Amino acid sequence: MIAINVSRDFTRFPAGRFKRNGTTSGEAFREQFLEQPIRDGRIVEVILDGTLGYGSSFLEEAFGGLVRKLQVDADRILSLLRFQSNDSTLVEEIIQYIKDADTERKR
Amino acid sequence: MRNFLDEVGIAVGQGKRVKLDFRKTQIMYPAATILLFAEVDRLISTSSNPKPISIVQPKSQRVREVLKQIGLYELTGDKSSVVPTRKDVVFWRTAKGKDQSGQKLAVIEVVAEAVKLERGTTLLLDSLWRGVSEAVANSVEHAHKAPRESDGFQGLPETTWWMFTQVKDDVFYVVVCDLGCGYRATIGQSIPERFIAQISELFAGQNVDAIAIEAAMEFGRSGTRESHRGRGSRDAISVVEKHQNGELAIFSNSGAVQYWYVGGIQVNQKRIGLGFSINGTILWWKLPLKAPLK
């Protein structure tokens with residue numbers, strides 16, 4: 001299992017969706033930390049606490065974007081992701097983005 | 001304000017030197033001030049004149065301190081020896097940037113910590129971050145997707161967004177501004193046309209910019225899963241929702257929509273036609289630092 005602490009390993013200030021618009025974006029996070037281990041079938045634990053917060057664009061692109069980029073089912077991605085957060089609603093939100101991305105992909 | 005800014009812009013465009021006379025200015029409101037600041041920044045950045053705009057000193061000490069605190073003297077290249085010390089001035093903070101990299105917004109954390117120390121009140125930093133960072137991300141992503149209708153302006157090389165914070169009379173304000181094309185020009189890129197058409201029909205005859213804001217907000221709040229885009233507007237509302245009490249106003253070109261929250265529940269909403277265009281977008285949050293009296 002790989003553990004990724006967002007605030008320590010990436011940034012305390014996650015913001016926005018696309019890499020072209022900033023270095024602390026959801027796309028940058030996904031590419032740097034999530035895509036390869038998920039492709040390899042490794043379990044990834046994401047520690048969400050410690051940042052100033054998360055916008056919906058960041059979360060959707062970082063996690064929902066896994067479905068679009070890797071063309072993998074939500075079930076497969078969710079089986080490989082673990083979350084650590086004091087805010088359970090944040091984790092629920094991320095899971096929903098992954099499921100929604102899967103639904104959109106299959107439409 | 002808009003007529004005033006247009007006149008300043010015309011004069012600078014004609015190569016004239018403009019003096020902004022603050023002698024009679026008594027109060028500065030964040031939303032109006034950020035628009036002034038952003039437009040002055042734009043005009044100075046795009047003028048071939050090395051010093052197209054200067055400041056005539058305010059008589060009010062408070063206003064002098066505000067102008068120093070937000071960096072307007074620095075922007076125009078004017079000198080001011082004033083050192084801001086007033087409690088209703090020192091929480092005015094400025095940030096601006098081209099991209100959405102979060103570090104530039106870290107000033108919010110600084111202000112939140114200072115508010116906590118000074119007043120013992122905790123701002124919900126994570127929800128504030130969510131709303132403000134999304135507003136900035138929206139500006140970066142969308143503001144200059146089309147030229148500005150009024151003058152074709154397509155953005156500055158170094159700055160897309162501006163942000164202010166202020167604390168006054170136990171109220172925390174934060175505003176984010178861009179000088180872009182506005183909601184109406186870009187909502188079709190992240191919100192299904194069908195949804196926009198439904199909202200437009202619902203509010204037919206009302207201000208088209210306000211309708212565009214409303215469509216963006218309602219799509220974000222609706223939970224509809226038609227698209228993975230367009231959810232950022234929900235984040236703007238969540239700031240006041242989680243704070244329990246407060247207001248959000250979104251201004252885009254000639255329209256505005258305002259939301260009022262008490263006890264975490266929306267108690268009022270208003271759609272407004274401004275009668276003029278601000279030539280950009282402003283998101284404005286007002287968060288009381290004390291609960292309202294029952």
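One residue stands out among those in segment B:167-203 that are within 24 Å of B:VAL63 (Cβ to Cβ) and either surrounded by fewer than 23 Cβ atoms within 10 Å (Cβ to Cβ) or among the charged types (D, E, K, R) (or both): the one that is nearest to the chain's Cα centre (by Cα), which is B:TYR173. All of (1) at the interface with chain B (Cβ under 10 Å from one of its Cβ atoms); (2) closer than 26 Å to B:GLN103 by Cα hold for A:THR103 with one exception: (2). Within segment B:235-271, which residues are open to solvent by 10 Å² or more (accessible area, probe 1.4 Å) and either within 26 Å of B:GLN154 (Cα to Cα) or out of contact with any strand residue (DSSP E or B) (no Cβ under 8 Å at 6 or more places or on another chain) (or both)? B:SER238, B:LYS242, B:PHE251, B:ASN253, B:SER254, B:VAL262, B:GLY263, B:GLY264, B:ILE265 - these are the residues of segment B:235-271 that are open to solvent by 10 Å² or more (accessible area, probe 1.4 Å) and either within 26 Å of B:GLN154 (Cα to Cα) or out of contact with any strand residue (DSSP E or B) (no Cβ under 8 Å at 6 or more places or on another chain) (or both). If you go through segment B:79-97 and keep only what is open to solvent by less than 40 Å² (accessible area, probe 1.4 Å) and not small (Gly, Ala, Ser), you end up with B:VAL82, B:PRO84, B:ASP88, B:VAL89, B:PHE91, B:TRP92.
Does B:ARG42 fit the bill of being part of a helix (DSSP H, G or I), in contact (Cβ under 8 Å) with a residue 12 or more places away in the chain and open to solvent by 60 Å² or more (accessible area, probe 1.4 Å)? No: the conditions fail for B:ARG42. Taken over segment B:51-78, the criterion of being basic (Lys, Arg) and either surrounded by 15 or more Cβ atoms within 10 Å (Cβ to Cβ) or in contact (Cβ under 8 Å) with a residue 40 or more places away in the chain (or both) is satisfied by B:ARG62, B:ARG64, B:LYS68. When restricted to residues that are among the β-branched types (Val, Ile, Thr), over 27 Å from B:TRP161 (Cβ atoms) and in a loop (DSSP other than H, G, I, E, B), segment A:1-54 contains 1.
Within segment B:97-124, work out how many residues are under 21 Å from B:VAL140 (Cβ atoms) and away from every other protein chain (no Cβ under 14 Å). Qualifying residue count, segment B:97-124: 0.
Based on this model, can you work out whether A:GLY50 counts as within 14 Å of chain B (Cβ to nearest Cβ), within 24 Å of B:GLU109 (Cα to Cα) and surrounded by fewer than 15 Cβ atoms within 10 Å (Cβ to Cβ)? Yes; evaluated as a whole, the condition is true for this residue.
Pairs linking a residue in segment A:58-77 that is more than 12 Å from every other protein chain (Cβ to nearest Cβ) to a residue that is surrounded by fewer than 16 Cβ atoms within 10 Å (Cβ to Cβ) and of a type in the set (Gly, Ala, Ser), with Cβ atoms under 9 Å and 6 or more positions apart or on different chains, are A:ARG76/A:GLY41. Taken over segment B:108-123, the criterion of being touching a residue at least 24 places away in the same chain (Cβ under 8 Å) and buried (at least 17 other Cβ atoms within 10 Å of the Cβ) is satisfied by B:ILE108, B:VAL111, B:VAL115, B:LEU123. Being closer than 30 Å to B:PHE172 by Cα and open to solvent by 20 Å² or more (accessible area, probe 1.4 Å) is a property that holds for B:THR25.
Filtered by the rule that a residue be away from every other protein chain (no Cβ under 14 Å), small (Gly, Ala, Ser) and under 20 Å from A:LEU90 (Cα atoms), segment A:1-47 gives a lone residue, A:ALA3.
The values are calculated or read from the model by the stated rules, or taken from the named source; none is laboratory data. Model, not experiment: these values are computed from the prediction. All Cβ positions, glycine included, derive from the backbone under ideal geometry; neighbour counts span all protein chains shown. Please note that ligands, DNA and RNA were not included when accessible areas were found on the heavy atoms of the full protein model with its side chains. Shrake-Rupley method; radii C 1.70, N 1.55, O 1.52, S 1.80 Å.
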